[in-house]
Amino acid sequence: MGWDSYWGYYKPTKPKEVKEGIKAKSKRGAIGETWWSKRWIAVLESFNMGARLTRGRSYARKGQVVSIDVQKGIVTANVQGTRSKPYSVRIQLDPISEPNWEKVTEAMASKAIFAANLLSGEMPHDIESAFSEAGLSLFPSSKNELATNCSCPDWANPCKHIAAVYYLLAERFDEDPFLIFKLRGRTKSEIIDALRDKRASSAESEAIASASDTGERVIPLSECLDSFWHAGDALDSFSVNPNRPEVENAILKRLGDAPFAIGKANLASLLAKAYEVASSAALQKAAGESEEDAETKNATK
């Protein structure tokens, strides 16, 4: 065998099996179920990393990743390769600065649908627009934003061990979309607290502005804590005259399908029926119908 042939020869070896490794849920095709995890993979694939990502996907499905830990701005993992000791992987993404996070959370809080989704643990479809308004990006915009390192002897970036962690991160994002924010420097509790504070501040400002227009004095909450839950005299003259909305179930339609289903029925479609029954009952009560009349009408439907 000549020298050229000798140096060009490489005998592939299989990685050591891991008994309790982290296996990707997806057995074939794409990895990631939600739009945000698919966006993460699409961003990585747009960086032209070649076949390295494909080899990493195979590692992810075999369960070669031993552990993954996501902290602010950094992901650490252990991946079992051909050697006896697992390789150490580090993936770093620069956290967004505090002043810039303030801009982003302001943009999020300014849109009720964003706040509603995030406060209920969901990732809004247009969340990236909140970052764009602040001149930022939620996902990395170039390969250079990702600083990676693996203790394996492979000089390529990413090696298959790093790529395996990339894919499993997508499934972690499926389970908890707030991990994407954590990688950018803010935890779930920090995001939720910031949104609640900003929404509460905005609501209070609107109430004060409305009261100033009518010349009424707004009593601060701190001054009425003792009587907050008591029924006041104003309730004696309080009346409700509900009308059917111009668009039925507008909020449900705006939110779209829920990420849950009961049998083959999406939860949103079941909620729509429940809301219709509740709305009809409320309108009947407001119209002064007796319970017997309401039951008769429901029985004839």
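The values are calculated or read from the model by the stated rules, or taken from the named source; none is laboratory data. This one's a predicted model, so the numbers in the text were calculated from it and none came from an experiment. Because the Cβ atoms are built from the backbone with ideal geometry, glycine has one as well, and the counts that use them run over all protein chains shown.
Evaluate the stretch 16-28: report whether one residue or more is modelled with pLDDT of 90 or more and surrounded by fewer than 13 Cβ atoms within 10 Å (Cβ to Cβ).
No, because not a single residue in the stretch 16-28 is modelled with pLDDT of 90 or more and surrounded by fewer than 13 Cβ atoms within 10 Å (Cβ to Cβ).
For a quick check of your reading of the model, give me the residue pairs whose first member lies in the stretch 46-61 and is in a loop (DSSP other than H, G, I, E, B), whose second is among the aliphatic types (A, V, I, L, M), with beta-carbon atoms closer than 8 Å and at least 6 apart or on different chains.
Here the result reads Met49/Ala163, each pair linking the stretch 46-61 to a residue that is among the aliphatic types (A, V, I, L, M).
So if I check each of Lys188, Lys253, Lys198, Lys182, which one is modelled with pLDDT under 80 and under 23 Å from the mean Cα position of the chain (by Cα)?
Only one candidate qualifies: Lys253.
Out of all the residues in the stretch 145-174, which are more than 26 Å from the chain's Cα centre (by Cα), among the small types (Gly, Ala, Ser) and crowded, with 19+ Cβ neighbours inside 10 Å?
Scanning the stretch 145-174 gives no hits.
Name every residue in the stretch 157-188 that is out of contact with any helix residue (DSSP H, G or I) (no Cβ under 6 Å at 6 or more places or on another chain) and within 29 Å of Lys27 (Cβ to Cβ), in order of residue number.
The answer is Asn157, Cys159, His161, Ile162, Val165, Leu169, Glu171, Glu175, Asp176, Lys182, Leu183.
Scan the stretch 53-84 residue by residue and report those that are exposed (fewer than 15 other Cβ atoms within 10 Å of the Cβ) and closer than 15 Å to Lys16 by Cβ.
Residues satisfying the conditions are Thr82, Arg83, Ser84.
Between a first residue in the stretch 20-35 that is over 21 Å from Ile127 (Cβ atoms) and a second residue that is among the basic types (Lys, Arg), which pairs have beta carbons less than 6 Å apart while being 6 or more apart in sequence or on different chains?
Ala24/Arg61
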